[in-house]
Structures are given as C-alpha cells and as structure tokens.
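These notes concern the structure reproduced below.
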Amino acid sequence: MKENSSERNIPLGIFCAIIIIFIWSGFMVFSRAGVTSNLLAYDVAALRFMVAGAIVLPFCWTWWPSHLPLKAKLLMASCGPGAVYTMIMYFGLTEASAAYGGVFSNGSLPIFTMLLVFFVTGEKPFRNQLIAIVTIIFGGILLAASGVKTGGNNVALGIMLFLLASAVMSIYIFGVRQWGVTPRQALALVTMPSAIIYLPIWYFFLPSGIAETEHSIIIFQALFQGLGPGFFAVILFALAAMHLGATMTAGFSAVVPATAALLAIPILGEIPNTLEWIAIGIVTVGLALLIMSKKPA
C-alpha cells in the first residue's frame with residue numbers, strides 16, 4: 001500500500017526531519033557516553049527498550065498492523081531502530097567516536113536508500129545526485145583513512161559497524177513508504193518485538209555493568225534512549241518518510257555529522273583533528289547537495 005503523493009504534507013515532513021537531526025546527534029554523543037561508562041552496550045539497549053516498551057505496551061494490540069504481509073512485518077521489526085540496529089550502533093560507538101558515527105551511519109544512509117530504491121523500483125539517481133554521492137564517498141574515505149591511521153583496527157571495526165547499521169536502517173525507511181506504515185504501527189512493529197525478545201535474553205544471559213554504574217547515569221540513559229531514539233524518533237522517521245519519501249528523509253541526515261562532532265566536544269572531550277574536520281565538512285556538503293538536488297526537466 002503506497003500513500004498518494006497528493007496526501008503529502010511537505011512542511012510536516014521537513015519539521016519531523018529537523019527534529020530527527022537533533023535526536024540523532026544526541027543519540028551519537030550520549031550513546032557514546034553511555035557505552036564508555038560502566039554500562040555495557042547490552043545495558044544501554046536494555047534501558048532503551050524498557051522505557052519504550054513500557055510506553056507502547058498498553059497500545060500494542062490496537063496499533064499492531066495485522067493487515068501487513070508477514071514479510072513486511074519481519075523486515076520492519078528487524079531493520080527499524082530496534083534491537084538489531086541499536087546493538088550494531090552501540091558496539092560501533094564503543095570502537096569509534098561520535099563524529100565517526102555521525103559521518104558513516106548518517107552519511108551513507110541516503111546512498112544505501114538510493115541503491116535500495118533503484119534495485120526495487122528501477123528508479124535511477126540523476127546526475128546531481130551522483131555528484132553528491134561521489135562527494136560523500138570522498139569525504140568518508142578521507143575520514144576513514146585518518147581514523148584507521150590514528151585508531152587502527154578499533155576505528156576500522158567501528159566504521160564497518162556504522163555502515164552496516166546504515167544499510168539496515170535504509171530498509172526500514174524504504175519499507176515505511178513502500179507499505180504505508182503509520183507512525184503508530186511503526187512503534188508497535190519496532191518496539192515490542194525488540195523488547196519481548198531482547199530484554200529476557202539480556203536479563204538472563206548477557207553481561208551487565210548496571211550494578212557498578214551511578215544511578216544518575218542509568219536514569220539519564222533510560223529516559224533519553226527510551227524517549228528519544230526509542231519512541232519519538234520512530235514516529236518522526238515514519239512521518240518524514242510518509243511525507244518526504246525515503247531518499248529525501250535519509251538525505252536530511254546532512255547536518256548530523258557536523259552537529260554530532262560539535263556536541264561531542266563539550267560532552268565527550270572528543271576533538272576532531274584538522275583532517276577529520278575537513279572530511280566531516282566534505283560529507284556535510286555532499287549531503288546538503290543531495291538534499292538540494294533536483295531532477296532535470
């Protein structure tokens with residue numbers, strides 16, 4: 001089920017995409033702070049799904065999209081910002097800085113989404129989009145070279161995890177538009193399967209650092225992760241994809257690399273070097289070009 005283009009509300013889609021920028025910049029930085037404290041990546045994910053799951057649980061039966069085919073449910077549940085994406089990102093952030101997370105998970109998102117759109121629908125990127133993509137890739141290679149040189153295999157592993165997370169998220173963004181998934185349905189699909197499956201596994205089988213962590217850190221991570229990326233971002237991603245389309249929604253990640261890098265300076269003390277700033281700037285310019293690119297008449 002695809003939504004009619006006449007029903008699109010472009011200003012609403014843009015507003016949702018802008019709020020996502022702030023949430024996702026915070027996600028990069030505060031998640032990095034969480035997984036580099038006594039908390040483990042498993043703990044941060046558990047706190048996220050405890051809060052988001054508790055909010056969605058009373059409405060899950062009503063919001064559940066029973067009309068969707070099984071393939072759609074499985075893809076949306078596994079590829080949305082749920083347990084799979086979350087764990088990939090958290091482990092990536094244990095290996096590389098928030099700035100790298102912003103560049104590689106957000107910078108590659110419109111590229112993966114565009115490729116997915118091409119393979120599924122046959123819609124080819126036009127010249128301006130290709131120029132933007134080349135710019136993004138060049139900036140990413142420059143940043144990766146700098147990171148691997150200074151951080152070695154750890155940074156390389158973090159970059160690979162960020163790219164994997166981006167590929168997973170692109171499937172979710174495309175699916176929202178392809179199957180006409182509403183924000184409420186997206187919340188039910190993403191949150192409840194992750195909470196029901198992940199939380200028991202975490203509690204009984206996975207290591208935890210919660211007992212050694214200050215209560216203030218636990219409370220902050222639970223509220224931010226559960227309400228920000230765990231609840232509001234799921235709704236906003238769905239609304240933005242409905243009204244802007246998959247490629248444009250992904251492209252609004254343009255400023256996340258820069259904002260995440262700036263936010264990481266006072267919070268994490270992670271200051272990019274000159275080459276890293278240049279690479280972040282190139283990726284940001286490429287993403288901005290992608291957003292502004294128009295199909296030739």
Whether any residue in segment 49-72 is under 30 Å from residue 284 (Cα atoms), in contact with a Phe, Trp or Tyr (Cβ under 6 Å, 6 or more places away or on another chain) and not hydroxyl-bearing (Ser, Thr, Tyr) is what I want to check. no
Just for helices (runs of 4 or more DSSP H) wholly inside segment 85-152: which have at least 1 residues that are in contact with a helix residue (DSSP H, G or I) (Cβ under 8 Å, 6 or more places away or on another chain) and within 20 Å of residue 23 (Cβ to Cβ)? 98-101, 109-121
Filtering segment 274-289 for residues that are closer than 11 Å to residue 142 by Cβ and in contact (Cβ under 8 Å) with a residue 40 or more places away in the chain leaves a count of 8
Please enumerate the residues belonging to segment 62-83 that are more than 20 Å from residue 222 (Cβ to Cβ) and assigned to a helix (DSSP H, G or I). 62, 63, 70, 71, 72, 73, 74, 75, 76, 77, 78, 79
Segment 18-61, residues that are of a type in the set (Ser, Thr, Tyr) and not in a helix (DSSP H, G or I): 36, 37
Filter segment 29-40 down to the residues that are under 18 Å from residue 80 (Cβ atoms) and either more than 14 Å from the chain's Cα centre (by Cα) or aliphatic (A, V, I, L, M) (or both) and list them by number. none
Tell me, please, whether a residue that is on the phi < 0 side of the Ramachandran plot, at pLDDT below 90 and under 18 Å from the mean Cα position of the chain (by Cα) can be found in segment 207-224. no
Can you name the residue in segment 19-62 that is aromatic (Phe, Trp, Tyr), out of contact with any Ser or Thr (no Cβ under 8 Å at 6 or more places or on another chain) and surrounded by fewer than 20 Cβ atoms within 10 Å (Cβ to Cβ) and is also farthest from residue 238 (Cα to Cα) among such residues? 61
When you go through 175, 230 one by one, which is the residue that is surrounded by 21 or more Cβ atoms within 10 Å (Cβ to Cβ) and within 13 Å of the chain's Cα centre (by Cα)? 230
Tabulated pairs, segment 203-214, first under 11 Å from residue 39 (Cβ atoms), second of a type in the set (Val, Ile, Thr), C-beta under 8 angstrom, 6+ apart or interchain: 210/218
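The values are calculated or read from the model by the stated rules, or taken from the named source; none is laboratory data. Only a predicted model underlies this, so the values are computations on that prediction, with no experimental measurement involved. Cβ sites come from the backbone with ideal geometry, for glycine too, and all protein chains shown count toward neighbours.
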